[in-house]
1. Cβ-Cβ below 6 Å, separation at least six or inter-chain, first residue in region A:477-501 and more than 20 Å from A:A448 (Cβ to Cβ) and more than 10 Å from chain B (Cβ to nearest Cβ), second polar (S, T, N, Q) and surrounded by fewer than 17 Cβ atoms within 10 Å (Cβ to Cβ): which pairs?
2. Looking at region A:608-642, which of its residues are surrounded by fewer than 17 Cβ atoms within 10 Å (Cβ to Cβ) and not in a helix (DSSP H, G or I)?
3. Name the residue that is surrounded by the most Cβ atoms within 10 Å (Cβ to Cβ), counting only residues in region A:463-476 that are at pLDDT 90 or above and at the interface with chain B (Cβ under 8 Å from one of its Cβ atoms).
4. Within the set of pairs 6+ apart or on separate chains, which have a first residue in region B:1-21 that is at the interface with chain A (Cβ under 7 Å from one of its Cβ atoms) and within 21 Å of A:L42 (Cβ to Cβ), a second that is at pLDDT below 85 and surrounded by fewer than 17 Cβ atoms within 10 Å (Cβ to Cβ), and C-beta atoms under 7 Å apart?
5. Which of the residues spanning region A:364-380 are surrounded by fewer than 22 Cβ atoms within 10 Å (Cβ to Cβ) and assigned to a helix (DSSP H, G or I)?
6. Could you please find all residues in region A:303-359 being outside any helix (DSSP H, G or I) and of a type in the set (S, T, N, Q)?
7. Please determine, by comparing only the residues of region A:426-455 that are more than 17 Å from the chain's Cα centre (by Cα) and surrounded by fewer than 21 Cβ atoms within 10 Å (Cβ to Cβ), which one is modelled with the highest pLDDT.
8. Can you name every residue in region A:198-210 that is part of a helix (DSSP H, G or I) and surrounded by fewer than 24 Cβ atoms within 10 Å (Cβ to Cβ)?
Amino acid sequence: MAAAGESAPGTGNLSSGPSDMSPEPDTPDLSSGPSPTQTVSLAPRVVLLALLLLIALVLLPQLGFGLVYDDGWTLVANGFLRVPGELGVLFSPEAVARNIPDAVRPGLVLFDMLSYQLVGLDPRAHHALSILLHLGVCAALAAWLRRLGAPLALWASSLALFGLLAIHAEAIAVVSFHEDLLAALLAVLAALTASAAVRRARAWPLALVAVLLSLGACAMKQSAAAIAPLWLLTEALAPWRARRPWPRLLGLGLALLLGAAALIGFSWWLHGSISPYGAENLRLYANRVGLAPVLAMSTQIHLGYLQQMVLPFGLAPEYSDRGASWTDPATLLASAALLALLAYGIACARRRPLVTLAIAGAFILALPTSSLAAMPNMRADRFMYLPSVPVCIGLAALALALGRRLAARLARPGLLFAPIAALAILQGAVLVGTAFTYRSNNQLWATARRIDPGSARAQAATGELLLANLDQTSEAQRRDLLLTRVETHCEIAERHDPDYELPQLCFARLAAARKDWREAHRRFAAALALSPDRNARILAGLAQTSLDLPDHTEADRRRFALEALEPGLVRYPYSPELHEVAGQIFHRLGEPLRALEHYRRARILAPERGQPLLGELSLLLDLGLPTAAHTLVAAHRQTWLATDPIDRTALIARHRDALRLFAPSMILSADLVGVFANEP
Amino acid sequence: MNRKFFTLLALAALMIAAGSMACVKTVEDLDREDETDSAT
């Protein structure tokens with residue numbers, strides 16, 4: 001697709017106004033010379049498919065990645081996804097009362113429920129979905145640019161750059177960030193539909209579809225609401241074709257806003273405020289230090305984003321929230337640079353509309369995540385997924401303009417695409433390399449700790465991951481060394497952020513591993529006091545350690561356990577972990593029927609977890625029901641085989657004893673040994 | 001011209017694969033890390 005010469009169409013002139021339009025923008029000049037008779041054209045569909053194939057190939061290694069980061073909260077331990085019969089709760093204030101993860105993004109929860117029902121917890125299938133969604137965004141972007149009249153060289157270059165942009169690694173490689181991909185997909189489709197509607201005599205049928213798509217995009221992530229002003233800006237600038245009449249543009253722009261307004265209204269109804277995080281939530285850094293330092297830091301962050309999009313270095317899975325002063329030289333420089341860029345973009349509106357689109361468009365799309373409205377994370381690579389759309393268009397146009405000059409100066413037409421190819425290859429290489437950070441939690445948090453040693457979250461998560469490896473360690477000296485390392489990470493985390501619950505949780509699990517139940521209970525209580533939300537696992541730990549507290553009567557222990565458990569079950573009814581712990585506690589307290597009920601609920605909320613199944617089996621054996629235990633194992637073959645072989649062997653031995661005692665006539669037919677070929 | 005285009009894409013894919021090797025930073029499993037000389 002090598003077009004040559006200054007007059008060649010489809011070369012993405014930065015100042016491309018209507019005068020630069022090719023009569024057939026989708027028929028590029030691919031010759032080595034300027035003569036039209038020598039031109040050979042590539043079909044747009046072939047270009048599109050080939051570029052999508054390249055992007056898919058580059059992303060293919062991600063199929064081998066695991067479930068990391070927030071996947072545990074939104075997917076693995078999200079019991080709500082396993083009960084589609086209770087879907088109606090999602091669209092009522094009960095969704096917040098029952099702490100359904102991501103309740104403020106009903107579209108995303110719906111998508112997660114559907115994908116879970118289709119592919120379960122298979123990481124490969126979820127990553128394949130991520131790649132497909134990203135390809136969908138790329139295809140929708142290309143279609144929108146073509147609809148706007150962009151020449152082939154420009155839309156194809158923008159597509160290649162967007163598809164391979166390194167800053168997208170986080171959004172594509174982490175399953176729980178489907179929200180960014182889905183929001184972008186629906187938002188770009190909404191813009192495409194609105195652009196189609198504005199060019200039709202009867203606009204309203206397509207306008208209605210655009211409203212629904214805009215609503216869908218905001219139901220995935222509210223920041224997608226910025227697509228409405230971006231669409232209006234793009235159509236008003238009309239970089240490639242004549243501008244449509246203003247009344248039509250404003251009407252369609254309002255229609256797109258309508259979708260966003262509906263979702264914001266829904267959020268208001270759900271939470272009683274626009275923000276789903278609560279006014280006192282300490283996860284929001286603005287609630288700790290005030291809005292001014294956060295906004296000052298935000299200017300530095302956004303200059304950093306711009307650098308990362310142009311030159312992809314410094315990408316990270318974790319950025320610590322920090323404030324800054326408005327008199328800091330870094331803040332002043334960043335503010336001045338961003339303001340100058342914006343002023344230049346606006347000044348170019350008539351002469352170079354594409355420059356205005358790239359600069360002002362990126363500002364518009366970045367606004368919702370710029371901390372103007374307080375957010376739990378001030379900075380994340382994934383926040384730039386949708387805002388990178390106009391940046392990619394601008395960079396592609398710039399690279400093509402540079403290539404055109406290069407080709408003309410060196411009289412080598414083949415150099416036209418050299419800058420954009422070099423940029424796309426650089427971005428693609430860094431994308432693949434960066435994506436490997438997200439292949440496992442171990443890799444992710446080790447990288448986060450290396451890049452940002454001051455992150456309390458990274459230090460505490462490292463401590464918990466080390467503890468998770470403890471089970472594999474039987475040697476006493478090695479175990480002690482490991483526990484000391486965990487303690488160090490917990491201490492560093494606590495020093496960096498004493499008001500954060502994760503360091504307390506790290507200490508609590510460490511104390512539990514050392515069987516210091518009093519300290520574990522104290523740390524779980526401290527974590528609960530600090531944590532504004534997501535408290536199911538803290539309450540589970542608190543209840544569990546209550547039963548082992550020394551220096552207390554049995555009645556007190558029972559009371560402490562129930563005081564943590566009962567409100568926890570009311571607030572987190574979809575937490576499999578809490579139901580599992582409830583089963584264990586009622587089992588220990590001698591209330592078999594309640595224990596059975598909770599074990600069963602835990603199995604429904606997380607059929608993949610082995611512990612509730614083992615707990616229920618143990619209870620059935622205690623109740624003298626070995627035949628029922630056999631039936632249960634036969635009905636949950638995969639879960640049974642996935643549990644720890646040591647636990648399984650112990651249960652098989654107990655089951656045999658129970659058969660001898662309670663059902664001797666069933667020994668031959670109900671013995672667990674031999675039920676499955678690979679049973680120990 | 002199709003051939004030129006596809007050759008360019010194939011070359012791009014190869015260069016991305018080669019370039020990514022330089023960007024991948026693997027870390028050993030957490031339980032095998034040696035922190036003897038670390039600042040902590």
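The values are calculated or read from the model by the stated rules, or taken from the named source; none is laboratory data. What you are looking at is a predicted structure, and each value in this text was computed from that prediction instead of being measured. Every residue, glycine as well, gets a Cβ built from its backbone with ideal geometry; the counts of neighbours run over all protein chains shown.
1. Qualifying pairs under 6 Å: A:R479/A:T473.
2. Residues satisfying the conditions are A:E608, A:L623, A:G624.
3. Looking at residues that are at pLDDT 90 or above and at the interface with chain B (Cβ under 8 Å from one of its Cβ atoms), I get A:L466.
4. Once the first residue is at the interface with chain A (Cβ under 7 Å from one of its Cβ atoms) and within 21 Å of A:L42 (Cβ to Cβ) and sits in region B:1-21, its partners that are at pLDDT below 85 and surrounded by fewer than 17 Cβ atoms within 10 Å (Cβ to Cβ) give B:M1/A:V40.
5. Within region A:364-380, A:I364, A:L367, A:P368 qualify.
6. A:S320, A:S325, A:T327
7. A:L426
8. Within region A:198-210, A:V198, A:W204, A:P205, A:L206, A:A207, A:L208, A:V209 qualify.
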